Amino acid sequence: MREKEHDFLCVVSDAFRVFARRSSIMLGSAWAFAGAVLVILVWLLTGPTFHFSDTWQLIINTATTVITFLMVFLIQNTQNRDAKAVHLKLDEPIRAIKDARNELVDLEDLSDEELQKLEAQFRRMRQRAENDDGSPSRHVDAAESAGITR
């Protein structure tokens, strides 16, 4: 029974992913924008016919509210997927380079405090490089990296 629920959730998740991806491609196009402008123009032109009634206004207000509400989920889904893909692409070179600082992998999982400490480390590294011979250093003092925990 539990496996069937899991399969169903996977199917729904995959279907939403495909729908969100295709929708974002279509709705982010110039044609979609032109269509939205056309709908607004038609709504404006029909205003005098309906005497700019409350119902006439309610139609556009309701339609735009519903569309905006649904678009939030589509946009968030595609942004989450894109951000995850970018993180993974950036993690790959860190893992592949022998002398790279592996604690930089999965930075998105660090707390805000840990990210601020890491940012301060990079700021100090940059200042040292500017004050030294001008060549940037990739290395961090052991005392500096001790503040970052996993």
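On the basis of being of a type in the set (G, A, S), within 26 Å of E108 (Cα to Cα) and in a helix (DSSP H, G or I), does A85 make the cut? Yes; evaluated as a whole, the condition is true for this residue.
When region 1-53 is limited to residues that are open to solvent by 70 Å² or more (accessible area, probe 1.4 Å) and part of a loop (DSSP other than H, G, I, E, B), the one that is modelled with the lowest pLDDT turns out to be M1. Inspect all residues belonging to region 134-145 and state whether any of them is surrounded by 12 or more Cβ atoms within 10 Å (Cβ to Cβ) and either basic (K, R) or modelled with pLDDT of 90 or more (or both). Taking every residue of region 134-145 in turn, none turns out to be surrounded by 12 or more Cβ atoms within 10 Å (Cβ to Cβ) and either basic (K, R) or modelled with pLDDT of 90 or more (or both). When region 83-127 is filtered for residues that are of a type in the set (D, E, K, R) and open to solvent by less than 80 Å² (accessible area, probe 1.4 Å), the ones remaining, listed by number, are D91, R101, E103, D106, E114. F69 fulfils the conditions (1) open to solvent by less than 80 Å² (accessible area, probe 1.4 Å); (2) modelled with pLDDT of 95 or more; (3) among the hydrophobic types (A, V, I, L, M, F, W, C) except for a single criterion, (1). Does T64 satisfy the criteria of being farther than 25 Å from S13 by Cα, part of a helix (DSSP H, G or I) and among the polar types (S, T, N, Q)? Taking the combined requirement at face value, the residue satisfies it.
The values are calculated or read from the model by the stated rules, or taken from the named source; none is laboratory data. Keep in mind that this is a model prediction, so the values were computed, not measured. Backbone-built Cβ (ideal geometry, glycine too); neighbour counts: all protein chains shown. Note: accessible area is taken over every heavy atom of the protein model, side chains too, but ligands, DNA and RNA are not part of it. Shrake-Rupley method; radii C 1.70, N 1.55, O 1.52, S 1.80 Å.
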